[in-house]
Amino acid sequence: MPENETTYLSRRDFLRVSTSAALASGATVTIDAKVPKPSSEGYKGIICLFSKPVPEMSWRELALSAKSAGFGGIDLTVRKGGHVRPENVTEDLPKAVAEIRNVGLEVPMITTELVSAADPTAKPVLQTAAKLGIPFYKAGYYQYRFADVREELAAAGREFRRLAELGQECGIQVGYHNHAGYIGAPVWDVATVMDTLDSKWAGYYFDLNHATAEGGVGGWKIAMNLVMPRLKMVAVKDFYWQKTAKGWDAKECSLGEGMCRWNEFLGAIARANFRGPISLHLEYEIPGVSNNQGIALSRDKEPVVMAAAKRDLDFLKARLQEAYGEARSPVGSQRINGN
C-alpha cells in the first residue's frame, strides 16, 4: 500500500469484506425442528444480474444499470465472450470487480466454463476470484456422447472432483448447475460424486427452470430435496412447453408467465434459511430486441433488455418477500452449507 494511502476501511468496505468472509467460510446453517428461525426479516442474500444478456456493456455500465434496476450484485461471466476473458483474468477481473464495487454492488459469484483442473486458465481464474473475496463460482457443463453413458458419467465425475479440489485449494466454492440436456440435469447424475466431496467447498447451483423441464410434475421436488443440504446458489428463470411444427419445445419466458412453481420453491428455500446468491437470468427472446438466448441485439437495445430484467426482478422480490415472511413454522431439520 502506498505510504500516503489511508490504512482503514470505509464502513461499506468493512461490510463487504465481512460478508465475503462469512460466505467463504462455508458455515453450516441448521434449522431446528423445535425452534424455527425467525424469517420475517426477509431474504438476506444478494440478488444478482447474470451479465450474459448485455455482453457489450462496460463493467461500470453494467453495474450502474443493474443498480438502477434494483439488483444487489452481478453474476459476472468469466468465459469466452464474457465480460472477463479467462486468458486475461489476472489483470481484468480485479478491474471489473473494482468498477462494480465502486458503484455499490457486489460480485458474490462468477460464471465460468471450467470443466477440468487441467485447463490452463482454471487456476488463475479461481485464484484471482478467491483473492478478490468472491465466494462462489459456477463450473461448466459435461456432455453425454451417448456411446457409453456410464463411462461418460464416470469420466465427468472424475473431472469435476479434480476441479472442486482445485477450488478448495484456491479458496473458492463450486456450484454444479443442473442444466437440461447435460450431465447433471437429473441431479442424481452427480449426487454420488458430490456426496464424497467436502460440502464446504462443493455443492449445487440449483435451477428450478431446468429441474422442471427435466423432472416434470414431481421430479423438480425430488431434485430440490436432494440438493437442499448443499445448496450454494440459485438460478432464476422461467419457461413453458410450446408446440411447434417440429414438436414440443421449451419456450423461455418472463418470470411468472411459465410453469415454474415459485411460491413452493421459494417457500422451501426460505424455510431452510437460504442466504446464498440468487442469479436472475434473462434467457428469453424479446422480438427485435434480443435473440432467443436473451442477448441484446445491439447497444441501443440494452435499455429494453434491462427494463425486462427489472420487471422480472420486481416479480422475484415480491415472491421472496412473501416466502421469507411466511416461513415461520417448523419444517424439520435441514442444513445448508456455504451460505
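The values are calculated or read from the model by the stated rules, or taken from the named source; none is laboratory data. Worth saying up front: this structure is predicted, and the values here are computed from it rather than measured. Virtual Cβ from ideal backbone geometry, glycine too; neighbours counted across all protein chains shown. Surface accessibility is based on the protein's heavy atoms, side chains included, excluding ligands, DNA and RNA. Shrake-Rupley method; radii C 1.70, N 1.55, O 1.52, S 1.80 Å.
Here is how the numbers come out for the structure above:
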| item | result |
| --- | --- |
| Filter pass, Pro277 being modelled with pLDDT of 95 or more and open to solvent by 50 Å² or more (accessible area, probe 1.4 Å) | no |
| Extreme residue, nearest to the chain's Cα centre (by Cα), among residues of segment 221-247 that are within 26 Å of Phe274 (Cβ to Cβ) and of a type in the set (Val, Ile, Thr) | Val234 |
| Answer residue from segment 190-214, given it is of a type in the set (Asp, Glu) and modelled with pLDDT of 95 or more and is surrounded by the most Cβ atoms within 10 Å (Cβ to Cβ) among those | Asp207 |
| Of the criteria (1) in a helix (DSSP H, G or I); (2) modelled with pLDDT of 95 or more, which one Gly325 fails | (2) |
| Given (1) within 17 Å of Tyr205 (Cα to Cα); (2) part of a loop (DSSP other than H, G, I, E, B); (3) not polar (S, T, N, Q), number of the condition Tyr144 does not satisfy | (1) |
| Leading residue by the ranking (farthest from the chain's Cα centre (by Cα)) among those in segment 147-157 that are assigned to a helix (DSSP H, G or I) and acidic (Asp, Glu) | Glu151 |
| Evaluation of Gly247 against (1) modelled with pLDDT of 90 or more; (2) surrounded by 12 or more Cβ atoms within 10 Å (Cβ to Cβ); (3) of a type in the set (Gly, Ala, Ser) (one fails), failing number | (2) |
| Selection count, segment 266-286, where residues are more than 15 Å from the chain's Cα centre (by Cα) and part of a loop (DSSP other than H, G, I, E, B) | 5 |
| Matching residues in segment 287-299 - criterion: being under 21 Å from Phe71 (Cα atoms) and assigned to a loop (DSSP other than H, G, I, E, B) | Gln293, Gly294, Ile295 |
| Among (1) in contact with a helix residue (DSSP H, G or I) (Cβ under 7 Å, 6 or more places away or on another chain); (2) open to solvent by less than 30 Å² (accessible area, probe 1.4 Å) - the single one Asn263 does not satisfy | (2) |
| Test set (1) farther than 23 Å from Gly184 by Cα; (2) in contact with a His (Cβ under 8 Å, 6 or more places away or on another chain) - Pro120 fails condition number | (2) |
| Of all residues making up segment 154-186, the number that are open to solvent by 50 Å² or more (accessible area, probe 1.4 Å) and more than 18 Å from Pro120 (Cα to Cα) | 3 |
| Every residue from segment 48-70 that is open to solvent by 10 Å² or more (accessible area, probe 1.4 Å) and in a loop (DSSP other than H, G, I, E, B) | Lys52, Pro55, Glu56, Met57, Ser58, Gly70 |
| Answer residue from segment 105-131, given it is assigned to a loop (DSSP other than H, G, I, E, B) and open to solvent by 40 Å² or more (accessible area, probe 1.4 Å) and is farthest from Lys67 (Cα to Cα) among those | Ala118 |
| From Gly288, Gly258, residue being more than 24 Å from Tyr204 (Cβ to Cβ), modelled with pLDDT of 95 or more and among the small types (Gly, Ala, Ser) | Gly288 |
